[in-house]
Amino acid sequence: MDVFEIKVTLQDIQPLIWRRIQVPADIRLGKFHRVLQAAMGGPTAICTLFASAM
């Protein structure tokens, strides 16, 4: 199974808060959103923006 390793960073907050997570390459967006919430300890109403570092 292919796996993506992703660095997630909260912007505009000090000190910098980030997590490095691994998810299956075929993860669906809804499940990915729940994984992000769990990793960051955030509420369900958190604003999410996806950006590529590439």
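The values are calculated or read from the model by the stated rules, or taken from the named source; none is laboratory data. Just so it is clear, the structure is predicted and the values come from calculations on it, not from any experiment. No Cβ is skipped: glycine too gets one built from the backbone with ideal geometry, and neighbour counts run over all protein chains shown.
At-a-glance table
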| quantity | calculated |
| --- | --- |
| Pairs, first modelled with pLDDT under 90 in segment 8-24, second basic (Lys, Arg), C-beta under 9 Å, six or more apart | Val8/Arg19; Val8/Arg20; Thr9/Arg19 |
| Segment 8-44, subset among the polar types (S, T, N, Q) and outside any loop (DSSP other than H, G, I, E, B), residue surrounded by the fewest Cβ atoms within 10 Å (Cβ to Cβ) | Gln22 |
| Residue match in segment 45-54 (condition: part of a loop (DSSP other than H, G, I, E, B), over 11 Å from the mean Cα position of the chain (by Cα) and at pLDDT 85 or above) | no |
| For Glu5: the one exception among (1) at pLDDT below 85; (2) under 13 Å from the mean Cα position of the chain (by Cα); (3) surrounded by fewer than 10 Cβ atoms within 10 Å (Cβ to Cβ) | (1) |
